[in-house]
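Here's the structure we're looking at; comments come further down.
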Amino acid sequence: MMQVHGGTVEHFLDFSANLNPLGMPESIKQAVIDSMEKWGQYPDPETKQLRQKLSMAEQFPFSQIVCGNGADDLIYRMISALRPQNAMICEPCFGEYKKALQEYECQVNFYQLDPSQNFVLDSSIVSFLHPGIDMLILCTPNNPTGVSVPHSLLEQIAEKCKDFDSYLVIDGCFLDFSNEGSHWLNALVCDKCILLKAFTKNYAMAGLRLGYALCGNEDIAKKIHRAGQYWSVSAPAQAAGIAALNETAYLRNANTLIWTERKFLSDELCALGMKVIPSDSNFLLFQGTEGLADAMLREGILIRDCESFGLHGYYRIAVRKHGENLILLDAMRRVLYGKNCYDSGDDVECR
């Protein structure tokens, strides 16, 4: 089964969409309900109140923040506004980068991450950059691998892009799930650098569609803003974003759960003979048996087949709550061994 994105099948236990396992906070749901009286009016096209809140939360200039209908929307608006001619992306990666670049007739260059090195981006990428590359798009932690770009290397890359007067786009939609958080990266956002973020994963707001870009200067922000539709963020989404930025304890609690369950899942998958890529996010990429996604679907569980990323035999699963993770593992043992199995600590035993 070829999947382009996760979270596209209903009525299954969904491990394909890597959203916050705690679900959308009640305060956000209430904020959306309370915004109903504004639904008969056009939303603020400048998203002023939301951007003011973001400016305080991110400690970033108000005039250099652009909000959009999810990070996806901002990727297309960014390409439309800046019109790169020769861009580079690192594969495997989120498929919308390539799609957006090609739709605007940009030449796309590919830097292949090495599976034998757990898809870690290393310093060799610097030698691939040259003045002809006018945009580099990186994702950290990367989707679908969950691997972060090392701080020192990202600083080196940013300096090289600055030397070549190239745009550096950093997709940080999973940064808040990483062990080091996201604010350290804001200092790199200068000149022609853009940091993309979204509420989708952090606050389980996939259906509300809300993302934002921190831009290296005001001129870039204006260009990206003008490239989109006039009312790009709905009133409910704006209200949800404002409420979400008050939920700091929620993110801390989510990360405590994610970091614990990520290790548990990784250890259990390794015990089942899977090759698991060490992750710094709320999902795991692993190499498994062919046809595993279809077999799990028959068990009522949706996992992400990563064939669409060019990764044959690899699968991605979200980190969910412990009870749900146990259901996933039990179903996987049934698929692999044909019986109900449990891990005794030394060997897999079946009954």
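Is it fair to say residue 120 is out of contact with any helix residue (DSSP H, G or I) (no Cβ under 8 Å at 6 or more places or on another chain), of a type outside the set (Ser, Thr, Tyr), over 21 Å from residue 76 (Cα atoms) and crowded, with 22+ Cβ neighbours inside 10 Å? For residue 120, the condition - out of contact with any helix residue (DSSP H, G or I) (no Cβ under 8 Å at 6 or more places or on another chain), of a type outside the set (Ser, Thr, Tyr), over 21 Å from residue 76 (Cα atoms) and crowded, with 22+ Cβ neighbours inside 10 Å - is not met.
Tallying residues that are of a type outside the set (Val, Ile, Thr) and either farther than 22 Å from residue 287 by Cα or touching a Gly at 6+ places or on another chain (Cβ under 6 Å) (or both) within the range 120-147 yields 12. Considered as a group, the residues in the range 12-48 that are among the hydroxyl-bearing types (Ser, Thr, Tyr) and outside any helix (DSSP H, G or I) include one that is farthest from residue 280 (Cα to Cα), and that residue is 42.
Filtering the range 184-213 to residues that are over 16 Å from the mean Cα position of the chain (by Cα) and either within 17 Å of residue 58 (Cβ to Cβ) or not in a loop (DSSP other than H, G, I, E, B) (or both) leaves 184, 186, 187, 188, 189, 190, 193. Would it be correct to say that residue 164 is of a type outside the set (Asp, Glu), at positive phi and not assigned by TED's automatic domain parsing to the domain that holds residue 275? Taking the combined requirement at face value, the residue does not satisfy it. Considering the range 269-312, the residues that are surrounded by fewer than 19 Cβ atoms within 10 Å (Cβ to Cβ) and touching a helix residue (DSSP H, G or I) at 6+ places or on another chain (Cβ under 6 Å) include one that is farthest from residue 336 (Cα to Cα), namely 299.
Taking residue 238 as meeting all but one of (1) within 21 Å of residue 19 (Cα to Cα); (2) more than 23 Å from the chain's Cα centre (by Cα), write down the number of the exception. In the conditions (1) within 21 Å of residue 19 (Cα to Cα); (2) more than 23 Å from the chain's Cα centre (by Cα), residue 238 misses (2) alone. If you go through the range 49-58 and keep only what is closer than 30 Å to residue 284 by Cβ and loosely packed, with under 15 Cβ neighbours inside 10 Å, you end up with just 57.
Residue-by-condition table, conditions (1) more than 25 Å from residue 208 (Cβ to Cβ); (2) touching a Leu at 6+ places or on another chain (Cβ under 6 Å):
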site	(1), (2)
38	no, no
52	no, no
57	no, yes
65	no, yes
90	yes, yes
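Checking each residue in the range 223-246 for being surrounded by 18 or more Cβ atoms within 10 Å (Cβ to Cβ) and not in a helix (DSSP H, G or I) picks out 228, 232, 233, 234. Taking the residues in the range 247-268 that are closer than 20 Å to residue 141 by Cα and touching a strand residue (DSSP E or B) at 6+ places or on another chain (Cβ under 7 Å) as candidates, determine which candidate is surrounded by the most Cβ atoms within 10 Å (Cβ to Cβ). Ranking the candidates gives 265 first. Restricting attention to the range 261-277, the residues that are in a helix (DSSP H, G or I) and over 13 Å from residue 315 (Cβ atoms) add up to 9. For the range 278-324, filtered to residues that are of a type in the set (D, E, K, R) and in a helix (DSSP H, G or I), the residue that is farthest from residue 172 (Cα to Cα) is 298.
Considering the range 61-102, and only residues there that are touching a residue at least 60 places away in the same chain (Cβ under 8 Å) and either outside the structural domain of residue 215 (by TED's automatic domain parsing) or among the acidic types (Asp, Glu) (or both), the residue that is surrounded by the fewest Cβ atoms within 10 Å (Cβ to Cβ) turns out to be 91. Just one of the numbered conditions (1) part of a loop (DSSP other than H, G, I, E, B); (2) out of contact with any Asp or Glu (no Cβ under 9 Å at 6 or more places or on another chain); (3) among the β-branched types (Val, Ile, Thr) is not true of residue 258: (1).
Scan the range 166-175 and tell me whether some residue there is crowded, with 19+ Cβ neighbours inside 10 Å, assigned to a helix (DSSP H, G or I) and in contact (Cβ under 8 Å) with a residue 12 or more places away in the chain. Yes, because at least one residue in the range 166-175 is crowded, with 19+ Cβ neighbours inside 10 Å, assigned to a helix (DSSP H, G or I) and in contact (Cβ under 8 Å) with a residue 12 or more places away in the chain.
Within the range 13-42, residues that are within 30 Å of residue 329 (Cβ to Cβ) have Cβ atoms under 8 Å from residues that are aromatic (Phe, Trp, Tyr) in these pairs: 18/174; 18/283; 20/203; 22/250; 24/203; 25/203; 25/250, counting only partners at least 6 apart in sequence or on another chain.
The values are calculated or read from the model by the stated rules, or taken from the named source; none is laboratory data. Just so it is clear, the model here is predicted, and its values are computed rather than measured. Here the Cβ is made from the backbone with ideal geometry for all residues, glycine too, and neighbour counts use every protein chain on show.
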